[in-house]
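The values are calculated or read from the model by the stated rules, or taken from the named source; none is laboratory data. Since the model is a prediction, treat every value here as computed from it, not as a measurement. Here the Cβ positions follow ideal geometry from the backbone for every residue, glycine too, while neighbour counts run over all protein chains shown. We work out accessible area using only protein heavy atoms, side chains counted, and drop any ligands, DNA or RNA first. Shrake-Rupley method; radii C 1.70, N 1.55, O 1.52, S 1.80 Å.
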Amino acid sequence: MLTVFVTYHYFLGLRNLTVIEDAQKEIQKQNPGFDIRNIPDNDPETFAMLAEGKTQGVFQLESAGITGVCVNMRPTSIEDLTAIVALYRPGPMDSIPMFIANKLDPRKIRYKTPLLEPILKVTYGCIVYQEQVIAIFQALGGYTMGQADNIRRAISKKKMKVIEAERKVFVYGDQEQGIPGAVAKGVSEAAAQSIYDEIVDFANYAFNKAHAVCYAVVSYQTAYLKCHYPHQYMAALMTSVLDSATKISGYIAECKEMGISVLPPDINHSDDHFTVEGNAIRFGLGAVKNVGRALIRTIAAKRSADGPFKSMEDFLQRMDEGELNKRAVENFIKCGALDCFGHHRSELLAVYDSMMDSVASSRKKNLDGQMGLFGMLDAEDKAAAIPIPTLPELNKADMMTMEKETTGIYISGHPMDDYRPLLKGTHVVPIGVLMGEENPYKDDSIVSVAGIVQAVKMKTTRNNSMMSYVTVEDDTASIEMLAFSNVLSQYGGYLRENSAVVITGRLSVRDEKEPQIVINRARPISDYANEAVYAEAAPEKAAVPPPAQPAGKLYLQLTGENDPNYGKVKAILNMFPGNGQVVLFFADTRTRRGTMAAFDERMLRELKNVLGEKNVVLK
């Protein structure tokens, strides 16, 4: 049975079938006889896992809402999973409470006519599938298969004239069409009318059982693998989403919940995909940016042929010309893939450029025939002898920023780790709660969240004022926020990339888009060491120490104080408080006005976009 359904389902969930296949290959390294087609289809441990709500990473069952259905329904068969997949959709979703109640207590099942029992028994008295709609028309109304399917299609397309005309045929029959009708079959008129109403309400959204079974079988197979082969399955699952840092981050968090360690990338252990290593999962180099699959496979082949790389010099010399570029080496260092060589990342970053140049120079001389054998060896020794300086390691925050830059996720920790103690006893809400399907906070609720500013994008509104889109992330999720000009003028200094902040604002929840927060106020997390989040005191600007400024002054030229860009310029300057001297020159009156700001690259870029290159001069 499983083989037939999976073959059919190939077109419905290709990525998930690849996950199953990859997990199977990894399992077969330890258990050569394992075959996903031979797993039992009624494994109690798998269904117990689903009933406990451990559905993260399970095909079709990951969302918070459908996880809740699994917990309440406690599925015990693939038939139950098929019903869950079919019911968790608009329309049929309304039948879920009755379905669960009837499943858990069959005494509650009621049939409006005994003719329904053989059709609806498998779904505990509820209409769930299109095939059941067709069967009801056949069994109760006396329709042929073709006639029943035609009316099922009319209902699904909401052809109201046809639907109303067909009601009479279903209840009383039509001799011309050879349809006896439900009353002639012994069904009371009231019951027939009620059944027809139920069919019309449901058939708008009815799901084809053949499709639902295919989904359910793949759901079961992924659940079985997660339950019995969690390391192999989670490795394959993360490999399938190498291009999505958000999903990888979520699955790493799930591994942590399951007690599975995810080891950092390592040039001597990692392949292009995530792999099982002992009782842990090794991070795949394929998730590192600017590193191609061909390069990773070449690295793995050289490692397999000649053993592990002994040092960064050894690594560079064993890679052929053209196989490795400086950007890839830099990213390997930043993500921690070269930590195995025993040097600080700061030390490797300081020397890799010159070391690569030295290796390349030695190769060029050799190819040009400018040295003999002993000269070549001497040149290689000099390349290998380039001293690696002794430097203090980068601070933890910088290391994590580099990891995020090169892989899209934090590997050695999360910037929020150091701030959690400051937030105990406050009203800060995990962002993951706001982004989940079971978000308990309604539209327009005032909420506070804490996180790291990931991105700030400036925009000019229709009334020529400035606003920005701010993305903030904690260790559960990220959320987009809107900051308007009044907020930017007061709190813009805190809304900088990589800043740790607590944001209080109005939650916007709309069906057509992800939740957002309209910012009311922002403060550094450090302000919360000894006070609650909802303290109303305004933040002191001095709480954010101004960065060191380059020498010189910033000159900005405007046509006059009535220049429509003047308001934008003031808003931009307010966003970057600092001790750099700014001189505004008004061309019409040839007057000057002074102010202060931080000479941040983003600020300069925004000013040039507004005023033009020639009107923004730093000297």
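Scanning segment 145-175 for residues that are closer than 21 Å to Ala190 by Cα and not in a helix (DSSP H, G or I) returns Gly173, Asp174.
Restricting attention to segment 242-294, the residues that are open to solvent by 30 Å² or more (accessible area, probe 1.4 Å), over 20 Å from Tyr410 (Cβ atoms) and assigned to a strand (DSSP E or B) total 2.
Tell me the residue from Gly125, Gly186, Gly142 that is touching a Gly at 6+ places or on another chain (Cβ under 8 Å) and among the small types (Gly, Ala, Ser), please. It would help to see each step written out before you state the result.
Numbers: Gly125 fails: touching a Gly at 6+ places or on another chain (Cβ under 8 Å); Gly186 fails: touching a Gly at 6+ places or on another chain (Cβ under 8 Å).
When all the criteria are applied, what remains is Gly142.
Just to verify a result, which residue in segment 100-133, among those that are over 26 Å from Val71 (Cα atoms) and touching a Phe, Trp or Tyr at 6+ places or on another chain (Cβ under 8 Å), is least open to solvent (accessible area, probe 1.4 Å)? Filtering first and then ranking leaves Val133.
Sub-7 Å Cβ pairs linking a first residue in segment 172-185 that is under 16 Å from Thr113 (Cβ atoms) to a second residue that is open to solvent by 50 Å² or more (accessible area, probe 1.4 Å) and part of a loop (DSSP other than H, G, I, E, B), at least 6 apart or interchain, are Gly173/Pro180, ordered by first then second residue.
Annotation: Arg521 fulfils all but one of (1) open to solvent by 20 Å² or more (accessible area, probe 1.4 Å); (2) assigned to a helix (DSSP H, G or I); the unmet one is (2). Residues in segment 35-62 that are buried (at least 20 other Cβ atoms within 10 Å of the Cβ), hydrophobic (A, V, I, L, M, F, W, C) and in a loop (DSSP other than H, G, I, E, B): Val58, Phe59, Leu61.
One residue alone among Gln221, Gln193 is more than 20 Å from the chain's Cα centre (by Cα), at pLDDT 90 or above, open to solvent by 40 Å² or more (accessible area, probe 1.4 Å) and not hydroxyl-bearing (Ser, Thr, Tyr), and that residue is Gln193. Quick one: is Arg297 surrounded by fewer than 15 Cβ atoms within 10 Å (Cβ to Cβ), touching a residue at least 24 places away in the same chain (Cβ under 8 Å), basic (Lys, Arg) and not in a loop (DSSP other than H, G, I, E, B)? Against the criterion (surrounded by fewer than 15 Cβ atoms within 10 Å (Cβ to Cβ), touching a residue at least 24 places away in the same chain (Cβ under 8 Å), basic (Lys, Arg) and not in a loop (DSSP other than H, G, I, E, B)), Arg297 qualifies. Of the numbered criteria (1) crowded, with 21+ Cβ neighbours inside 10 Å; (2) out of contact with any Leu (no Cβ under 8 Å at 6 or more places or on another chain); (3) closer than 18 Å to Asp271 by Cα, the one Val329 fails is (2). With respect to being closer than 30 Å to Leu61 by Cβ and open to solvent by 20 Å² or more (accessible area, probe 1.4 Å), Asp418 falls outside the description.
The number of residues in segment 417-465 being more than 27 Å from Asp527 (Cα to Cα), in a strand (DSSP E or B) and touching a helix residue (DSSP H, G or I) at 6+ places or on another chain (Cβ under 8 Å) comes to 1. Taking (1) under 23 Å from the mean Cα position of the chain (by Cα); (2) open to solvent by 60 Å² or more (accessible area, probe 1.4 Å); (3) at pLDDT below 90 in turn, Ser478 satisfies each apart from (2).
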